[in-house]
C-alpha cells in the first residue's frame, strides 16, 4: 500500500480537567527540577570559571553545559503538555569529523544554545518558586474550603478566640463559619483553572524563550522556504502544462485556421463553392478553438469559483466528470457572507480537479466520492474512488503538482492507494 503524507498533523485540544492536571503537574514538578538544576549548574559554572585559567576548567565548563543540555531536554519534553504544540529541539553545534579531544571539549562552549540552556537552568528557580507557592496555595484553599463542612467539628474553637466569621460580623455560629469557609473554597475552586494555567504558562514562557525560541524561528524559516519552493514548483508546473496544452490545442487550430482562410481567399475567384466550404470549416475551427480556450481558462481561474464560491465550483466540476461523482460539501461553506480565503478555495478546487482528472484517466474506477468538511481551523478535502489503486506522488504525475500546491498553502496531503484499490486523496488545509 502506498501511504504518503505531506505536512504536519493538526494538534488536538485537551479537556479542561485534563489541562488543569497537566498544568498543576508542570508547575509543581518544576520546583524540584529547578532547585536541582540551580544547584548543579551554579556549582559547575562557578567551578569551571574559577578553574578556567588551568587546563581543568574548560572540561568542567563543557561538562556543565552538557548537563544543562540534558536538563533542558527534560524541560522540552514537558512543554508540549502546557503549550499545546509539538516538541521542538534545536540543532546543537557538533564537532567536525576527525576533531581532536580539545576541539570536542570546546564545541559546546562555542554553542550559543548551550549557554541559553545554562541560563534557563539558573534563572528558572525564582519563577518556579513563585508558581509552586501560588499553585499549592490555590489547591489547598480550594480543597480545604469546599470540604470545611466535613471537619469543622474537629477544629478547636475557644470562647476567647475570634474566628474569621466573627471578625467579619457574621457571628460565631457553626453555620456562619461553614458558610464563609465554603464560599472562600468555592471562589478558589472556580479560579483554580485560570490561576494554575497562568502559573504554568508563566513558567513555560521562560523555557520557551530560552530553550526553543531560536529553534522555532529557524524551523519557521525552513517551513517558509519549503512553502516558497513548493509554490514556485507548482506555478512552474502549471505554466508548463498550460504552455503544452496551448501548443497542442489552440495553437494548432489557429495555424490550420490561417491556412484555411488563405486557401479560401485564393478559391474565391476560381471556385466560390469550394471557398464557401472552406469558410464553413474555418468557422467550425474557430468555435472549437474558443471551446478549448474556455476549458484552459477554467484551469487558470474558474469564473464560477470567483463569483459563486467553492461549493458551486465543485458542483460544476462534478457535473463535468466522466464517471458518476457523489459530492458532499459542508453546509457551513454555503454561506456567502462567510466565504473562505481565496487562496484556500483555489487550492481546494485544484486538488479536486486534478484528483478527478487522475481518476478518469488512470484509475479505471466506476464511481467517485468527493467530501469537503470545514473544521474550526482547517478544511479537509477528500476524493475517493473504487479504482485499481497504485496512485503515488512521484514527480511527473499529477498528484505531485497537488502536493506542491497544498504544501505552498501550508497544508498536508495524504494519499492512500493500495494495489487493487480503493484510492483516497486527502488534503488538510489551514484556515
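Every number here is computed from the coordinates shown, using simple stated rules; none is lab data. What you are looking at is a predicted structure, and each value in this text was computed from that prediction instead of being measured. Glycine gets a Cβ as well: all are built from the backbone with ideal geometry, and neighbour counts include every protein chain shown.
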| PRE reach from residue 119 (point 7 Å along Cα→Cβ): which of the stretch 181-210 fall under 18 Å by backbone N? | 203-210
| remark: Mean separation of Cα contacts under 8 Å (at least 6 apart) over the residue count of the stretch 303-430, i.e. the relative contact order in percent, is 23 percent
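Using a 10 Å cut-off around each Cβ, can you sort 151, 26, 349, 92 from fewest to most neighbouring Cβ atoms? Can you show the working numbers first?
Details: 151 9, 26 24, 349 21, 92 16.
With the sparsest Cβ surroundings first, the list reads 151, 92, 349, 26.
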| Taking neighbour Cβ counts within 10 Å as the exposure measure, how do 139, 149 sort from fewest upward? | 149, 139
| remark: The correct pair for the stretch 303-430, radius of gyration to one decimal and Dmax as a whole number, both in Å and from Cα atoms, is 13.8, 43
| Roughly what would the spin-label model give for residue 252 and residue 96, points 7 Å off Cα along C-beta, in nm? | 5.9 nm
| request: Please say if the stretch 330-371 is rounded, prolate or oblate, where rounded means a/c under 1.5 for a ≥ b ≥ c the square roots of the C-alpha gyration tensor eigenvalues, and otherwise the choice is prolate for a/b larger than b/c and oblate otherwise? | output: oblate
| query | By counting other Cβ atoms within 10 Å of each Cβ, how are 304, 155 ranked from fewest to most? | reply | 155, 304
